[in-house]
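This report refers to the structure that appears directly beneath it.
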Amino acid sequence: MAKTFIIADDHPLFRGAMRQALAGIEDGLEIVEAGDFGAARNAAKEHPEADLLLLDLTMPGVSGLSGLIALRAEYVSLPVVVVSASDDQATVRRALDLGASGFISKSASIEEIRDGIAAVLSGEIWTPRGFELGLEQDPEVADLIKRLQTLTPQQSRVLGMLAEGLLNKQIAYELNVSEATIKAHVSAVLQKLAVDSRTQAVIQLSKIGTDALDRESGTVR
């Protein structure tokens, strides 16, 4: 059966380059493109048979690694490979810690992109060549990632929706559960993140967002 790949990136030229790279992996591939985070989520929903999702960290509707967290929570069985220009050690390590199956730099050659995807499809974790995992240098971020890792998939989805500014009743509607269930999830999220309010929870999540990553890597956008 032919494989299905989803390319989530807001730059059409880069999606075209990725499509070219993917086309050389095998014949008969189905490639689905998404230009923003909402489209990426819809593509994952509409293609439950997808073998891989290639995710840019910076696109409309998402900030940094919060998009990875949301997708991993919502589509547990779908491998996600981050493809980003922000390829410093901290970003790569955090992406892997938060559930990415691999990390490909946007500066990688077509050959390296293909090697990375083949490795992930065979069950390996892929990182840029020469990358050394190392340890998280920011104790606060290290603690936050550990706390995020304790969230259940549903709690992670709720946290992501809190970050989008949705109210409990809106989240309940989206997840097709009662508002009381959402209140329980929110309480659990606050407890696990050691914060007292929804606002504080969103602030915590923003600490691994795009702006924070750019400051640490020196990236200028």
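The values are calculated or read from the model by the stated rules, or taken from the named source; none is laboratory data. As the structure is a prediction and not an experimental result, all values here were calculated from the model. FYI the Cβ positions are ideal-geometry reconstructions off the backbone, even for glycines, and counts take in every protein chain you see. Surface accessibility is based on the protein's heavy atoms, side chains included, excluding ligands, DNA and RNA. Shrake-Rupley method; radii C 1.70, N 1.55, O 1.52, S 1.80 Å.
Of the residues 25, 31, only one is β-branched (Val, Ile, Thr), part of a strand (DSSP E or B) and farther than 29 Å from residue 142 by Cα; which? Reasoning before the result, please.
Details: 25 fails: part of a strand (DSSP E or B).
The match here is 31.
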_Number of the condition not met by residue 202 [criteria: (1) open to solvent by 70 Å² or more (accessible area, probe 1.4 Å); (2) at negative phi]_ = (1)
*Residue selected from the range 101-119 under the condition open to solvent by less than 20 Å² (accessible area, probe 1.4 Å) and touching a helix residue (DSSP H, G or I) at 6+ places or on another chain (Cβ under 6 Å), by the criterion farthest from residue 77 (Cα to Cα)*: 113
*Hey, any hits in the range 77-99 for a residue that's surrounded by fewer than 15 Cβ atoms within 10 Å (Cβ to Cβ) and modelled with pLDDT of 90 or more?*
yes
*Consider only pairs whose beta carbons are under 6 Å apart and that are at least six residues apart or on different chains; among these, list those whose first residue lies in the range 24-50 and is under 21 Å from residue 72 (Cβ atoms) and open to solvent by less than 40 Å² (accessible area, probe 1.4 Å) and whose second residue is part of a helix (DSSP H, G or I) and not aliphatic (A, V, I, L, M).*
37/67
*asked:* I need a count of the residues in the range 52-66 that are at pLDDT 85 or above, buried (at least 24 other Cβ atoms within 10 Å of the Cβ) and more than 11 Å from residue 36 (Cα to Cα).
replied: 2
*asked:* Any residue in the range 120-147 that is more than 19 Å from residue 83 (Cβ to Cβ) and open to solvent by 100 Å² or more (accessible area, probe 1.4 Å) sitting within a Cβ distance under 7 Å of a residue that is assigned to a helix (DSSP H, G or I) and not aliphatic (A, V, I, L, M)? List the pairs, counting only those 6 or more apart or interchain.
replied: none
*Any residue in the range 164-175 that is under 15 Å from residue 193 (Cβ atoms), open to solvent by 20 Å² or more (accessible area, probe 1.4 Å) and not in a loop (DSSP other than H, G, I, E, B)?*
no
*asked:* Is it the case, given these coordinates, that residue 151 is more than 15 Å from residue 21 (Cβ to Cβ), touching a strand residue (DSSP E or B) at 6+ places or on another chain (Cβ under 6 Å), open to solvent by less than 30 Å² (accessible area, probe 1.4 Å) and part of a loop (DSSP other than H, G, I, E, B)?
replied: no
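With the requirement that a residue be closer than 24 Å to residue 64 by Cα and either at pLDDT below 90 or open to solvent by 40 Å² or more (accessible area, probe 1.4 Å) (or both), what does the range 1-13 give you? Write out each step before concluding.
So the first thing to find is which residues in the range 1-13 are closer than 24 Å to residue 64 by Cα, and the list is 5-13.
Across the range 1-13, the qualifying residues are 10, 11, 12, 13.
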*Could you count how many residues in the range 51-72 are under 16 Å from residue 102 (Cα atoms) and assigned to a loop (DSSP other than H, G, I, E, B)?*
5
*Across the range 145-166, which residue is nearest to the chain's Cα centre (by Cα) among those that are among the small types (Gly, Ala, Ser) and farther than 14 Å from residue 98 by Cα?*
163
*Residue check, residue 17 in a helix (DSSP H, G or I) and open to solvent by less than 40 Å² (accessible area, probe 1.4 Å)*: no
